[in-house]
Structure formats: structure tokens, C-alpha cells
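A.B. asks: Just dropping this structure here.
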Amino acid sequence: MDSVALAALLTKLFVAIHDIGGYPVPEVYPEVHQLAPAELQQKFCKGPCGVKAFYAPNEGVFIDSSLDLEQDIHARSILLHELVHHVQSVSGRFDSMRNACIRSNNAEREAYRIQNLYLISIHSTHRVAMTGWSARCRRNEVPTPTIR
């Protein structure tokens, strides 16, 4: 995706995040790095894994270059999810929470919620789930109790 098309897409996605989540559209957009799947996996997981994208506050968004951001609604929603993390970071939304584990889990939960509401808003039947994902926490830092 060329830089002009990417900038236009980022604007659309940040407006959607504003409309859905109430975050202001940022004045400065994060850099978006499109990496080959193996390169992305090496950077994030240090080897093969299922990662498609991630956000690093001082570096920007890293996304799998094999995703078709122009045509694939689900791929665009993955980018939107990472952009939610950018606005969370810029706004300090979860900074006052007592520990990193709780901050990470709440930020991730909100990003999935906004991603799903975005998919609903564009009439996609696809949904994403946080199932199985949780920040690795010490036993006394688990943010939500296990329901049995």
C-alpha cells in the first residue's frame, strides 16, 4: 500500500475510533511498518507464531505485509486494533491503573471491543475474541477472577 493510500486509511480508521471509542483523532499518526510475516514474527515472538500486528509506543505499528489493507475488512480491523493502542498510549487512558498486568489486560480488552464495534459498524459478520489472551501476570496480579 502506498503512503498516500495508507495515510487516507489511517485517517478513516482514527475517525472510526473517535466515533466508537470517543478518543480524539491524534495530531501525529504512528509510523506503520509493513513487515514480511517471518520478520514480524521474529521481531515480536523471536520465532514462528501467529502474530499479525503489534504496537510499540516508541516505534509505531508493525503489521504483516501479506494482509490486504485495501480490500480485506478483517485486515483493516487488525490495523484499527493496533491504532486503538496508539490512542490509548497517547491519551494515557490506562496509566493510573495500579500495575502493568491490569493495564495491559484492560487496554487489550478495550481494543478488541472497539475492533468488534468497528466490524459491526461496517456490516461485517466477522468478529474477534480475546479468548486465550491475557497478559502474563503473577498469581496475585490476575486482573479478573476465574469463574467456575
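A.B. asks: Quick one: is VAL25 surrounded by fewer than 17 Cβ atoms within 10 Å (Cβ to Cβ) and at pLDDT 95 or above?
C.D. replies: Yes.
A.B. asks: Same structure again: Can you say whether GLY47 is open to solvent by less than 70 Å² (accessible area, probe 1.4 Å), over 24 Å from LEU117 (Cβ atoms) and either out of contact with any strand residue (DSSP E or B) (no Cβ under 8 Å at 6 or more places or on another chain) or aromatic (Phe, Trp, Tyr) (or both), as far as the supplied structure shows?
C.D. replies: yes
A.B. asks: Mind listing just one residue for me: the one in segment 71-101 that is in a helix (DSSP H, G or I), open to solvent by 20 Å² or more (accessible area, probe 1.4 Å) and among the aliphatic types (A, V, I, L, M) and, of those, modelled with the lowest pLDDT?
C.D. replies: ALA100
A.B. asks: Restricting to segment 28-51, give me the number of residues that are modelled with pLDDT of 95 or more and part of a loop (DSSP other than H, G, I, E, B).
C.D. replies: 4
A.B. asks: From the list GLY60, GLY50, which one is at positive phi, of a type outside the set (Val, Ile, Thr) and out of contact with any Gly (no Cβ under 8 Å at 6 or more places or on another chain)?
C.D. replies: GLY60 is the lone residue from the list that is at positive phi, of a type outside the set (Val, Ile, Thr) and out of contact with any Gly (no Cβ under 8 Å at 6 or more places or on another chain).
A.B. asks: Which is of a type outside the set (A, V, I, L, M, F, W, C) and farther than 19 Å from MET1 by Cβ, of HIS123, HIS81, HIS86?
C.D. replies: On inspection, the qualifying residue turns out to be HIS123.
A.B. asks: Then there is this: Could you tell me how many of the residues in segment 55-70 are touching a residue at least 24 places away in the same chain (Cβ under 8 Å) and open to solvent by 40 Å² or more (accessible area, probe 1.4 Å)?
C.D. replies: 5
The values are calculated or read from the model by the stated rules, or taken from the named source; none is laboratory data. Remember, predicted model here, so these are calculated numbers, not experimental data. In this analysis, Cβ positions are derived from the backbone assuming ideal geometry, glycine residues included, and neighbour counts consider all displayed protein chains. The protein model used for the area step is the full one, side chains on, heavy atoms only, and it has no ligands, DNA or RNA in it. Shrake-Rupley method; radii C 1.70, N 1.55, O 1.52, S 1.80 Å.
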